[in-house]
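S.K.: Here it is: the structure, laid out below.
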Amino acid sequence: MSQVGYVRVSSVDQNTARQLDGIACDDVFTDKVSGATTERPALQEMLRFVRKGDTVHVHSIDRLARSLEDLLSLVKGLIAKGVGVQFHKEQLHFTGEANPMQELMLSLLGSVAQFERSMIKERQREGIAKAKEAGVYKGRVKSVDDAAIRSSIASGVSYRDTAKALGVSLSTVQRAMKSA
């Protein structure tokens, strides 16, 4: 019976220390990526690691998932394995025992996390649109000049090998060739 911690922050430069501060965990799995999807390396590793009788400790619901569907799926999947889930900020503990009030709170707070994520995305889109109108937003600076890509392709190198050699994605090479 292990005490397992799961910690998530959205970017590499954010600090994870406060999330499970003061909680004794045998193992801690940490992701430094967006919670928009469940395809996170440490989350997937933690899901494979936990066994019946373990308890997963998470600072808050939005650290585990940003969509209600993902949240419910993760919690139900863990409970089905006999793994308890403890959300410390919300003071919710799921063990598989029927508790309608906790299930309601999980759904409600999961919906709030999902709403918050959609609001963040909407504000980001609005900010980019305003910046474009003002001529301030130009997008990301290209890491490789289109001419270098075209030159590589013209010399007979494949799109895929060009992308690999220049350290860009295949779609970047395709876009550069399309704009030629």
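The values are calculated or read from the model by the stated rules, or taken from the named source; none is laboratory data. Predicted model, so just to flag it, every value in this text is computed and none were measured. Here the Cβ positions follow ideal geometry from the backbone for every residue, glycine too, while neighbour counts run over all protein chains shown. Ligands, DNA and RNA are excluded from the accessible area calculation, which covers all protein heavy atoms including side chains. Shrake-Rupley method; radii C 1.70, N 1.55, O 1.52, S 1.80 Å.
S.K.: Looking for whichever is open to solvent by 30 Å² or more (accessible area, probe 1.4 Å), under 25 Å from residue 32 (Cα atoms) and outside any helix (DSSP H, G or I) here; the options are 57, 93. Which one fits?
M.R.: Details: 57 fails: open to solvent by 30 Å² or more (accessible area, probe 1.4 Å).
After applying the criteria, what remains is 93.
S.K.: Which numbered condition trips up residue 71, out of (1) surrounded by fewer than 19 Cβ atoms within 10 Å (Cβ to Cβ); (2) modelled with pLDDT under 95; (3) assigned to a helix (DSSP H, G or I)?
M.R.: Looking at each condition in turn, residue 71 falls short on (1).
S.K.: Quickly run through segment 10-49 and pick out the residues that are more than 22 Å from residue 90 (Cα to Cα) and touching a residue at least 40 places away in the same chain (Cβ under 8 Å).
M.R.: Answer for segment 10-49, where residues must be more than 22 Å from residue 90 (Cα to Cα) and touching a residue at least 40 places away in the same chain (Cβ under 8 Å): just 49.
S.K.: Which of (1) open to solvent by 10 Å² or more (accessible area, probe 1.4 Å); (2) in a helix (DSSP H, G or I); (3) farther than 16 Å from residue 5 by Cβ; (4) touching a residue at least 24 places away in the same chain (Cβ under 8 Å) does residue 76 not meet, given it meets every other one?
M.R.: Tallying (1) open to solvent by 10 Å² or more (accessible area, probe 1.4 Å); (2) in a helix (DSSP H, G or I); (3) farther than 16 Å from residue 5 by Cβ; (4) touching a residue at least 24 places away in the same chain (Cβ under 8 Å), residue 76 fails exactly one: (4).
S.K.: Moving on to the next point. Given the criteria part of a loop (DSSP other than H, G, I, E, B) and closer than 21 Å to residue 19 by Cα, does residue 117 qualify?
M.R.: Numbers: part of a loop (DSSP other than H, G, I, E, B): no; closer than 21 Å to residue 19 by Cα: yes.
So residue 117 does not fit the description; no.
S.K.: List pairs: first residue in segment 139-162 and small (Gly, Ala, Ser), second residue surrounded by 12 or more Cβ atoms within 10 Å (Cβ to Cβ) anywhere in the structure, Cβ distance under 6 angstrom, at least six positions apart or on different chains.
M.R.: Matching pairs, first to second residue: 152/162.
S.K.: Here is a further query. Looking at (1) more than 16 Å from residue 38 (Cβ to Cβ); (2) open to solvent by less than 80 Å² (accessible area, probe 1.4 Å); (3) of a type outside the set (D, E, K, R); (4) not in a loop (DSSP other than H, G, I, E, B), find the lone condition where residue 101 falls short.
M.R.: (2)
S.K.: How about segment 159-180: which of its residues are exposed (fewer than 13 other Cβ atoms within 10 Å of the Cβ) and not hydrophobic (A, V, I, L, M, F, W, C)?
M.R.: Scanning segment 159-180 gives 160, 167, 169, 171, 178, 179.
S.K.: Any residue that is farther than 12 Å from residue 6 by Cα and under 22 Å from the mean Cα position of the chain (by Cα) - is there at least one of those in segment 55-62?
M.R.: The initial filter retains those residues of segment 55-62 that are farther than 12 Å from residue 6 by Cα, namely none.
There is no residue in segment 55-62 that is farther than 12 Å from residue 6 by Cα and under 22 Å from the mean Cα position of the chain (by Cα).
S.K.: Kindly provide the set of residues from segment 1-47 that are touching a strand residue (DSSP E or B) at 6+ places or on another chain (Cβ under 6 Å), among the acidic types (Asp, Glu) and either crowded, with 17+ Cβ neighbours inside 10 Å or farther than 17 Å from residue 83 by Cα (or both), ordered by number.
M.R.: 31
S.K.: Specify which of the listed residues (89, 178) is of a type in the set (Lys, Arg) and closer than 30 Å to residue 1 by Cβ.
M.R.: Working: 178 fails: closer than 30 Å to residue 1 by Cβ.
Every option except 89 fails the conditions.
S.K.: Checking the structure you have, find out if any residue of segment 135-147 is open to solvent by 100 Å² or more (accessible area, probe 1.4 Å), out of contact with any Gly (no Cβ under 6 Å at 6 or more places or on another chain) and in a helix (DSSP H, G or I).
M.R.: No - not one qualifying residue is present in segment 135-147.
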